[in-house]
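This report concerns only the one structure given below.
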Amino acid sequence: MKTLIYISAFLLIFSSCKGYDYYGEKISMDNTVSYGDASKKASANGSLKTKISGRIIETCAKKGCWMTLNTQTDTVLVRFRDYGFFVPTNGAAGKEAIIQGDLFVDTVSVKHLRHYAKDAGKTQEEIDKITEPKLGLSFTADGVIIKKD
C-alpha cells in the first residue's frame, strides 16, 4: 500500500511538471497582471517590471531569439535579456505563455523591423513594404513559461 502511495505521488508530481516548459530564469505563474494595467503604467513611466501572459503569435524561425505575443488587446514584441536564452523556433505559435521582465516604450527601427520580418520568413515584397519605424511597447524577458499542449 505504501508503495502504491509513493508511486501515485511520483506520477502526480511528474505529470504536473510536464505541462510547462521554462526558458531563461525560472519564474512562477503567480502574480501575473493584466496587460491593460501594465501597458498604462509602462506608457506613463517609460518602463515597468512586470509579468504578463498571452498567446504566442510567432517566434524567430532562425534562432528563437524573439517572439510576438498576443495579449488580447495588443501585439507585443518580446526579446530575451542579453540573448541569454531562446524559445523554440517551431511549435510555439498558438501556445499560452507567461513572460516576466521589462515592458517599455520602444521605437523599433526600419532596419530591425526588416530583420525580424526576414527571420520570420516573410517574402522580400513584404519586407520591402516596411518603410517606417514602429513606436509602441516592447518587452525584454528574463524568463518565459510556455504551456505544452
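Just so it is clear, none of the values below were taken in a lab; they were calculated from the coordinates. A quick note: this is a predicted structure, and the numbers were derived from the prediction, not measured. Cβ: placed from backbone, ideal geometry, glycine included. Neighbour counts: every protein chain shown.
Per residue, the convex hull spanned by the alpha carbons of the chain comes to 124 Å³.
From the alpha carbon gyration tensor of segment 72-149, can you work out the equivalent ellipsoid semi-axes (sqrt of 5 times each eigenvalue) and give them in Å, largest to smallest?
Details: eigenvalues 103, 54, 28 Å².
Rounded to whole Å, the semi-axes are 23, 16, 12.
Taking a sphere under 13 Å around the Cβ of Glu125 and counting the other residues whose Cβ falls inside, with K and R at +1 and D and E at -1, yields a net charge of +2. From its DSSP helices (H runs of at least four residues, each -39,500 (n - 2.57)), the chain gives a residue-normalised ellipticity at 222 nm of -8500 deg cm²/dmol. Backbone phi angles across segment 124-132, fed through the Karplus curve with coefficients 6.51, -1.76 and 1.60 (θ = phi - 60°), yield HN-Hα couplings of 4, 4, 5, 5, 5, 6, 7, 10, 10 Hz in residue order; Gly and Pro are listed as x. Using only side-chain charges placed at the Cβ, +1 for Lys and Arg and -1 for Asp and Glu, the dipole size of segment 20-147 relative to its Cα centre rounds to 100 debye. Distant-in-sequence amide contacts of Phe80, defined by a placed amide H-H separation under 5 Å and a gap of 5 or more residues or a different chain, comprise Ala141. Taking 0.36 nm per residue of separation and subtracting the Cα-Cα distance, full extension of the segment from Lys134 to Ser43 would add 31.3 nm.
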